[in-house]
Amino acid sequence: MRDENTPPLPGWIEDAYQPIERHLWADTKQNSVTHQQATQLISKANPDFNSADIDHALDYLLNRGWLYTVDERLFVTEYQNVGSTESNN
């Protein structure tokens with residue numbers, strides 16, 4: 001679980017996190033993604049990210065509790081940005 005006292009995500013890490021969160025929020029039949037799916041989602045949304053950037057972002061998100069793994073699948077700990085993102089569209 002994320003610590004509520006932690007600072008907000010750095011902008012480029014948030015850019016990696018949002019496509020995963022949006023994808024899982026939009027797909028009511030799916031509540032997790034594989035590492036490969038997460039990599040593809042991030043890469044599609046951020047074509048300027050290389051594989052090292054994506055791996056670093058995923059490690060950051062896992063280590064700070066934004067994502068967690070179960071049986072090699074990634075889950076969002078707590079949805080944060082979807083509502084605010086949707087209201088801006």
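Values in this text are rule-based calculations from the coordinates and carry no lab data. Worth saying up front: this structure is predicted, and the values here are computed from it rather than measured. For neighbour counting, all protein chains shown are included, and Cβ atoms are generated from backbone atoms with ideal geometry for every residue, glycine included.
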Report summary line: When all Cα-Cα pair distances of segment 11-79 are considered, the percent exceeding 16 Å is 37 percent
Requested in this report: Report the full-extension gain for the segment ALA45 to THR69: residue separation times 0.36 nm, less the Cα-Cα distance, to one decimal in nm.
Outcome: 6.4 nm
Requested in this report: Report ³J(HN,Hα) in whole Hz for each residue of segment 17-27, in order, from the Karplus equation J = 6.51 cos²θ - 1.76 cosθ + 1.60 where θ = phi - 60°; Gly and Pro get x.
Outcome: 6, 4, x, 5, 4, 4, 4, 5, 5, 6, 9
Report summary line: Residues meeting the amide H criterion for LEU74 (H placed from the backbone, H to H distance under 5 Å, 5 or more places apart or on another chain) are VAL33, THR34, HIS35
**Report entry** Where trypsin sites (Lys or Arg not before Pro) fall in DSSP loop in segment 17-60, at most 13 other Cβ within 10 Å
**Finding:** LYS29
